[in-house]
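K.L.:
Following this message is one structure expressed as structure tokens.
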Amino acid sequence: MTPNISRRVFLRTTGLVTGAAAIPGLTPARVVAQSEKPGGLLRVSVTFGLSTINPIMHISGAEWMATKWMYNNLTRLNAKREPVPDLAESWTAGDGAKVWTFKLRQGVRFHHGRELAADDVVASFTTLLDPKTASPYRGEVGPVDRVEALDKSTVRFTMKSPFSVFPAIAAVPNARIVAREGLADMKALASREFGTGPFKLKEFVPGDRVVVERFADYFRKGEPYLDGVSLRVFPDPATELTAFKSKEIDLISGLTPDLFSQVATLAGAEGLAVAGGTFAAVTLPSDKPPFNDNRVREALKLCVDRKLMLAAIHNGQGELGVDHPVSSAYDGYSALAPRSADLERARRLMKDAGLANGVTVKLFAANSPPIRERIAVVLQEMARPAGFNLDVEVLAYDRYLAQVWNKGAMYVVYYATRPTADAILMKLYHPKEGLDEGRWAAAHPDAIRLLEQAREIVDPDRRRRHYADFLKTSRDEGPFMLPFFANELNGKWAYVRDYRLTPSSSDMVLDDVWLAGDAPKKKT
Amino acid sequence: MTSLPPALGVGGAILALVLALSFAAPWIAPFPTTEQHMLERLKPPGARFLLGTDQYGRDLLSRTLFGGRPALGLGLGAVALGLVLGVPIGLTAGYVGGRLDDLVMRVVDAMLAFPSLLLALLIITALGASTGHALLAIGVANGPGVARIVRSATLALREAEFVLAARARGERHLYVMFGEIFPNVLPPVIVEGTLRIGFAILAGASLSFLGLGVQPPAADWGLMIREARQYVFLSPWPLLVPGTALAFTIVAFNLFGDGLRDRLGAT
Amino acid sequence: MARYALRRLASIALILVLVSAIVFVAIHVLPGNAATLILGEYATPEALRTLEREMGLDRPLLVQYASWVGSVVTGDWGVSLAMKQPVATVVGYRLRNSAFLALAALIVVVVVGIPLGTLAALRRGRPLDLAIVTATYVGISIPEFVTGLLLLLVLAGPSLGWFPTSGYVELASGVTAWARHLVLPAMTLTIALLAHVVRQTRSGLADVLTAPYIRTARLKGASPRRIVLRHALRNALLPTITVLALDLGYLMGGIVVVEEVFAYPGMGRLIIYAVQNRDVPLLQMCALVVASVYVLANFAADLAYAWLDPRIRYS
């Protein structure tokens, strides 16, 4: 492990980003100096996904990346996860965050020629929210009641209840703005695109690759610099890395931590690491024994040597967690006292709870992504000394979905970084707006109310303080053992310039990325 | 005459070694198979971990010693199941003949035409990926082939003198089938069975490699290789150790089966 | 002969119908359906219901099957539920790739195996024979995923890097690149299959070489090489062909593992994908294609057998 390199790179990347974020509104196009040649094909790799490019329906990281290049949203998130203008140049809140009005940029063109209008925004959101569309993301954009076009370039969103984080939510991958002609046929949208983004679709082979090419009329004048981008799916990280080493790939998205050091120490290559919000956690179903007793939950949480777990499972690439899902990458983050393992106390708590002889519980883990199974296997060993006999069962993902997921068992959950703390907290804990996978809400209505109230607070600092209370409750009484957050890890060659890794790596902005002269001249 | 002269001996010797080591695993393995040593992950062979460690820092020697058990159990169990299914069907079809034979063989042919991987996949997805279900899938896939062979052998013996004599004596059909014909069909069945064990072990390991057989955190050669794949460029040992064990075992079974076939004179 | 062919074709058709029915029933017994898989952990009961209705998954099983049969008969294989692409296109692409791989392996097996087997037969009992038989024997006993991973480790690893570790490149992008991606997976399959062909050629040739008509030719003064090439080899090829046909079935199992190891976009991985995603239209076509290939290959082998040996007649 080479912590020095990653820290240096980390600082360098965040330094770049804060600079750009300081300029709100339209970022002026970079002046391309003599030594910088625009053009070239950027080849990106992933190890999973890419079955559709329908921006209303897609749910996997690779697909989000592809549509990020071909479409725009109303807003996008900067490195501090604050919403900044994308297709909307400004927005205002009204009626205590119950109404949001967005003013659209002028002169934005779709790839097929027509100019963007408010009707397209209305159509996109209406389709997303329509129950008949059955978009998996329908419930993830907040309590939107209606969307209206006030005029050609103004859109008004009326919420059912105050929702202060809506501008950040407007940046989610499934809220891409699609031309209304494209929305008529959902099936066609799976393989064609109707976007305004910096790149146009050139080729799409489901499960294998997507290739996009520059859109000359992009509204960010002068961008993109690249001629095109190709995104390829590799079966596994080892083969992906070998392809990278032979320069078949320029940028590895989602680099695994075991291979990260290989990239970081490779001459001419860089490993990028950024604190993210992705995690795998274990649910402790709190509506039935043994975990309905908080002493038992606490005992399990005390078994875990988090640093060791992070080292073993994610090669140290991450941030330690204290059993709540809001990492430092989130807007609602507050630093709380860290947890360390304390087997003595764990055993005492078990005794107090009447489980001095231990307890046997079944722990399920889907086999994908691999981190789930690893957490389960390591936890099994770590929890044994305190009397937990965890019977680990690894399942194929399809089986896990049908038989384990959200059915109140003890299993390993996995979540990628969400746009706001509200999004991940509601998803995990709220019984109506989310899944309440820990079956905990019924016994803790006050805590749930904290979450509901936070949504209505417009001032970000006040909101953050509100969340801090919830996070403490989650740490001390919550139904999740969350050991760490995984860093977002990318690997790239040095000739890929001005690329910034965000805490949500599928949120990949390539508008202003370019290739230096020593990049290989490849066709595919 | 297609096999090496000392096949039976060499095969038998390796087999005996593999079986002995697998049996003795609880006594000779230096570490428990699930014991993790986080700070010694993916290490090459050394003083403490004689054959190196895997991605969780578990001892490869211990895991490989224990890893033969599910592999062997799967192979032997699956073939046993195939025999249990195929022998009665083949005997009946060959003995009774006529329309029944036609019908049964039609079904058997259809099953043989059914891609065995697809069959295994469907069975395992329906029931869940596990050692037991993998055994079931491979056993069921073996049944038709066994049935076919038993049927051919039965057909050849149906008109044999001792069979006709038994019928003339007034013996019941069931007795003739299982009492007279079956013992004579046994040699080719044994040979066939032994030959199939090697391939059943291979199939079982392949299923585990695909994630459809033995599940983590168990120690099994196919599963170990599956887990090793991710790290193959970081350390080849998690691949090489169980891979070698697996290869030796399958070679041994094949050698033994071939030698047996030559010895017993069947084809 | 023609009557035999027709009867075989009829039973092939029956087998295919049976396969499609079994697959259909089996996949509906599995927990979850395509809609559950598509929505994944974003599923809500309403979203699920809507999607199922849209995909026609809420109709009675018999209706779904009949509707599928109906469209297939008119040549419409439907749209993949998980990929949202026409099934025929997806399967065609993957099948072609697997065919390349299988063909490459079979060609190498024949081109390398038959001479090796001949050599072994001619030098029966001697060290060369022993070496050849042992090597091929070991090759068939080692599982493909072990052989494949070893080849990957050595030849595609960071030290040598002669070949790409995975994937596939279109012929259009260059023959060398295309070929390079085929080498390691094809080699893995070849190693697994070589033993069969070598063995068959060796034993078939060995038997034939001691036959009376060979001795006659020898006495007539024909050179040993001519004897081998003209007379012996032709007869030795008969069992080799049957073995190749049997190999096809074996190949299909081996191909799945090899495709998985090398991430080769072929039929094997497609089938696994289809089952895991409960993609009925896709799985149906895959199953039928695979079953057809298998059954037709066997049929072709029987016909070739008859053609090569005039003594064999089917009634």
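K.L.:
Of B:Gly211, B:His173, B:Val241, which is farthest along the charge dipole of segment B:70-264 in the positive direction, counting Lys and Arg as +1 and Asp and Glu as -1 at C-beta?
P.N.:
Of the candidates, B:His173 comes out farthest on the positive side.
K.L.:
Still on this structure, please answer the following. Highest mean first, how do A:368-374, B:131-137 rank when packing is the count of other Cβ atoms within 10 Å averaged over residues?
P.N.:
Numbers: A:368-374: 20.0, B:131-137: 22.0.
Packing proxy ranking, top to bottom: B:131-137, A:368-374.
K.L.:
Take the alpha carbon atoms of segment B:202-256, find their center, do the same for segment C:77-150, and report the distance between the two centers in whole angstrom.
P.N.:
Centre-to-centre distance over Cα atoms comes out at 20 Å.
K.L.:
What trypsin sites (Lys or Arg not before Pro) in segment B:30-59 are in a loop by DSSP, with at most 13 other Cβ atoms within 10 Å of the Cβ? All intermediate terms of the calculation are to be shown ahead of the outcome.
P.N.:
Numbers: sites: B:Arg41, B:Arg48, B:Arg58; in loops: B:Arg41, B:Arg48, B:Arg58.
The qualifying sites are B:Arg48.
K.L.:
How crowded by other chains is C:286-293, given as the mean number of beta carbons from other chains within 10 Å of each beta carbon? Intermediate results must be reported in sequence, preceding the final value.
P.N.:
On the way: counts 2, 6, 0, 1, 5, 5, 1, 1.
The mean count of partner-chain Cβ atoms within 10 Å per residue comes to 3.
K.L.:
Let me ask something else. Relative to the Cα centre, what is the charge dipole magnitude of segment A:69-191, using +1 at the beta carbon of each Lys and Arg, -1 at the beta carbon of each Asp and Glu, and rounding to the nearest 20 debye? Walk me through the numbers on the way to the answer.
P.N.:
On the way: 17 positive and 14 negative charges, 37 e Å.
The calculation lands at about 180 debye.
K.L.:
5 Å is the cut-off here: which amide hydrogens, built 1.01 Å from N in the peptide plane, fall below it relative to A:Ala366, excluding neighbours closer than 5 in sequence?
P.N.:
Counting only residues 5 or more places away or on other chains, the set is A:Leu395, A:Val412.
K.L.:
Loop-only GluC sites (Glu not before Pro) in segment C:11-96, please: DSSP not H, G, I, E or B, and at most 10 other Cβ atoms within 10 Å. Don't jump to the answer; show the numbers that get you there.
P.N.:
Numbers: sites: C:Glu41, C:Glu46, C:Glu52, C:Glu54; in loops: none.
Passing both the DSSP loop test and the Cβ count: no residue.
K.L.:
Ranked from highest to lowest mean number of other Cβ atoms within 10 Å per residue, what is the order of the peptides A:259-268, A:320-329? Display every interim value, and only then the final one.
P.N.:
Details: A:259-268: 17.3, A:320-329: 23.2.
By packing density, highest mean first, the sequence is A:320-329, A:259-268.
K.L.:
Charges on Cβ only, +1 for Lys and Arg, -1 for Asp and Glu, centred on the Cα centroid of segment B:70-264; of B:Leu112, B:Leu135, B:Leu76, which one is farthest towards the dipole's positive end?
P.N.:
B:Leu112
K.L.:
Sticking with this structure for a sec: Using only the Cα atoms of segment A:305-401, construct the convex hull and provide its projected area averaged over every direction, in square nanometres to one decimal. Provide the component values of the computation, followed by the final result.
P.N.:
Values: hull surface 30.6 nm².
Here the figure is 7.6 nm², rounded to one decimal.
K.L.:
Okay, next question. Across every pair of different alpha-carbon atoms, what Kirkwood hydrodynamic radius in Å does segment B:19-142 reach? Numbers along the way, then the final one.
P.N.:
Working: mean 1/r = 0.0570 Å⁻¹.
After inverting the mean inverse Cα-Cα distance, the result is 17.5 Å.
K.L.:
Using every Cα-Cα pair within segment A:438-524, state what percent have a distance larger than 21 Å.
P.N.:
When every Cα pair of segment A:438-524 is considered, 59 percent fall beyond 21 Å.
K.L.:
For segment A:82-172, which trypsin sites (Lys or Arg not before Pro) are in a loop by DSSP, counting at most 10 other Cβ atoms within 10 Å? If you can, show how the numbers build up before the last one.
P.N.:
Values: sites: A:Lys98, A:Lys103, A:Arg105, A:Arg109, A:Arg114, A:Lys132, A:Arg138, A:Arg146, A:Lys152, A:Arg156, A:Lys160; in loops: A:Lys98, A:Arg105, A:Arg114, A:Lys132, A:Lys152, A:Lys160.
Loop-located and lightly packed - A:Lys132.
K.L.:
Determine the distance separating the Cα centre of segment A:203-257 from the Cα centre of segment A:265-319; give it in Å without decimals.
P.N.:
30 Å
K.L.:
If you don't mind, there's one more thing I want to ask. Note down the magnitude of the dipole of the protein assembly as shown about its Cα centre, charges +1 on Lys and Arg C-beta and -1 on Asp and Glu C-beta and zero elsewhere, to the nearest 20 debye.
P.N.:
Values: 114 positive and 94 negative charges, 519 e Å.
Once rounded to the nearest 20, the dipole reads 2500 debye.
K.L.:
How large is the charge dipole for chain B, taken about the Cα centre, if only the Cβ atoms of Lys, Arg (+1) and Asp, Glu (-1) carry charge, to the nearest 20 debye?
P.N.:
Numbers: 19 positive and 16 negative charges, 30 e Å.
Rounded to the nearest 20 debye, it is 140 debye.
K.L.:
Please give the average number of partner chain Cβ atoms lying within 10 Å of the Cβ of each residue in B:192-204, rounded to a whole number. Don't skip to the end; give the middle numbers.
P.N.:
Working: counts 0, 0, 0, 0, 0, 0, 2, 4, 0, 2, 11, 2, 1.
Rounded to a whole number, the mean comes out at 2.
K.L.:
I'd like to know which of A:Val326, B:Leu61, B:Gly86 lies farthest towards the positive end of the charge dipole of the protein assembly as shown, counting +1 on Cβ of Lys and Arg and -1 on Cβ of Asp and Glu.
P.N.:
B:Gly86
K.L.:
What is the packing order of peptides C:28-38, C:127-137, taking the mean over residues of other C-beta atoms within 10 Å and listing the highest first?
P.N.:
Result, highest mean first: C:28-38, C:127-137.
K.L.:
What pairs from A:Lys80/A:Lys103; A:Lys132/A:Lys427; A:Lys80/C:Lys84 go past 31 Å between their alpha carbons?
P.N.:
Numbers: A:Lys80/A:Lys103 23 Å; A:Lys132/A:Lys427 22 Å; A:Lys80/C:Lys84 36 Å.
With Cα atoms farther than 31 Å apart: A:Lys80/C:Lys84.
K.L.:
Other chains near C:135-142: what is the mean number of their Cβ atoms within 10 Å of each residue's Cβ? Please list the in-between numbers first.
P.N.:
Values: counts 0, 0, 8, 5, 0, 6, 14, 8.
Mean shielding count: 5.
K.L.:
Based on the alpha-carbon set only, what is the convex hull volume of the protein assembly as shown divided per residue, in Å³? Before the final figure, lay out each step's value.
P.N.:
Working: hull volume 217.8 nm³, N = 1106.
It comes to 197 Å³ per residue, whole-number rounded.
K.L.:
Let me ask something else. Taking all pairs of distinct Cα atoms, average 1/r, flip it, and tell me the Kirkwood hydrodynamic radius of chain B in Å to one decimal place. Please report the intermediate quantities before stating the final value.
P.N.:
Details: mean 1/r = 0.0495 Å⁻¹.
Evaluated on chain B, it is 20.2 Å.
K.L.:
Taking amide H positions as placed 1.01 Å from N in the peptide plane, with prolines and chain starts having none, which residues 5 or more places from B:Asp220, or on another chain, fall under 5 Å of its amide H?
P.N.:
none
K.L.:
Report, in deg cm²/dmol and to the nearest 500, the calculated mean residue ellipticity at 222 nm for chain B, where each DSSP H run with n ≥ 4 adds -39500 (n - 2.57) and the sum is divided by the residue count. Before the final figure, lay out the partial values.
P.N.:
Working: 9 runs with 189 residues, N = 267.
Estimated from H runs of four or more residues: -24500 deg cm²/dmol.
K.L.:
Give me the Debye-computed log₁₀ of I(q)/I(0) at q = 0.09 Å⁻¹ for chain A, equal point scatterers on Cα only, no solvent, two decimals.
P.N.:
So the normalised log intensities work out to -0.65.
K.L.:
Using only the alpha carbon atoms of segment A:224-363, find the Kirkwood hydrodynamic radius as the inverse mean reciprocal pair distance, in angstroms to one decimal.
P.N.:
By the Kirkwood definition, the hydrodynamic radius is 18.6 Å.
K.L.:
Just the number, please: Stokes-Einstein D of segment A:97-251 in µm²/s, Kirkwood Rh from C-alpha pairs, 37 °C, 0.692 mPa s.
P.N.:
Details: Rh = 17.6 Å.
Calculated translational D: 186 µm²/s.
K.L.:
According to a simple spin-label model (label point 7 Å from Cα along Cα-to-Cβ), what is the distance in nm between B:His173 and A:Glu344?
P.N.:
7.9 nm
K.L.:
Return the whole-Å distance between the Cα centroid of segment B:142-167 and the Cα centroid of segment C:1-74.
P.N.:
The two parts, judged by their Cα centres, are 39 Å apart.
Values in this text are rule-based calculations from the coordinates and carry no lab data. It should be emphasised that the depicted structure is a prediction, and the values quoted were computed from it without experimental measurement. Cβ atoms come from the backbone with ideal geometry, glycine included; neighbour counts cover every protein chain shown.
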